[in-house]
1. Given contacts defined as C-alpha pairs under 8 Å and at least six residues apart, what's the relative contact order of the chain, whole-number percent?
2. Output wanted: per-residue J couplings in Hz (rounded whole) for region 63-71, from phi through Karplus 6.51 cos²θ - 1.76 cosθ + 1.60, θ = phi - 60°, x for Gly and Pro.
3. Over the heavy atoms of ILE31, what accessible area does a 1.4 Å probe trace out, to the nearest 10 Å²?
4. Which FRET efficiency value, to the nearest 0.05, do you get for SER84 and ILE53 by plugging their Cβ-Cβ distance into 1/(1 + (r/R0)^6) with R0 = 30 Å?
5. Quick one: Karplus J couplings for region 80-90, per residue in order, coefficients 6.51, -1.76, 1.60, θ = phi - 60°, nearest Hz, x for Gly and Pro?
6. With all protein chains present, how much of the accessible area of the chain (probe radius 1.4 Å) comes from carbon and sulfur, to the nearest whole percent?
7. Remind me, relative contact order of region 3-58 in percent, using alpha carbon pairs under 8 angstrom and six or more residues apart?
8. Hey, what's region 1-56 come to in accessible area per residue, 1.4 Å probe, Å²?
Amino acid sequence: QVQLVESGGDLVHPGGSLRLSCAASRSISSIGAMGWYRQAPGKQREMVATITIIGSTNYADSVKGRFTISRDNAKNTVYLQMNSLTPEDTAVYYCAAGRWGVSTTSQAEDWGQGTQVTVSS
């Protein structure tokens, strides 16, 4: 088990950028996969981006080319760089970790509390 703490959420104008951070309570170098999910009001939680232990990444179609996920094993932290933000990106963003993957919510074993991202003019 690992505790995850997200940070970096904020209010940003359309077209702006944010970087989210997910700090883990222990080494992430042996965690199979980590990722970011988001949940907007009235909608289901959806996968945004994932990164495996070997650095393979996967993105939701809606964020490809705009968001970048990365992991710094030395800092036990996973990042989500978000560029060209639109109001449709407004949601609570959650960090997830799983030994065997985080491509689905059922695979994820540990979750953070979430950080709010609001994109509005």
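The values are calculated or read from the model by the stated rules, or taken from the named source; none is laboratory data. All figures in this text were calculated on a predicted structure; none of them were measured in a lab. Here the Cβ positions follow ideal geometry from the backbone for every residue, glycine too, while neighbour counts run over all protein chains shown. Ligands, DNA and RNA are excluded from the accessible area calculation, which covers all protein heavy atoms including side chains. Shrake-Rupley method; radii C 1.70, N 1.55, O 1.52, S 1.80 Å.
1. Reported relative contact order: 36 percent.
2. Here the 3J(HN,Hα) series is 10, 4, x, 10, 10, 9, 9, 8, 9 Hz.
3. 10
4. Working: r = 29 Å, r/R0 = 0.96.
Calculated value: 0.55.
5. Couplings: 9, 8, 10, 10, 6, 5, 10, x, 5, 7, 5 Hz.
6. On the way: 2940 of 6170 Å².
Summing carbon and sulfur atoms, their accessible area is 48 percent of the total for the chain.
7. Averaging sequence separation for qualifying contacts and normalising by length gives 25 percent for region 3-58.
8. For region 1-56, the per-residue accessible area is 52 Å².
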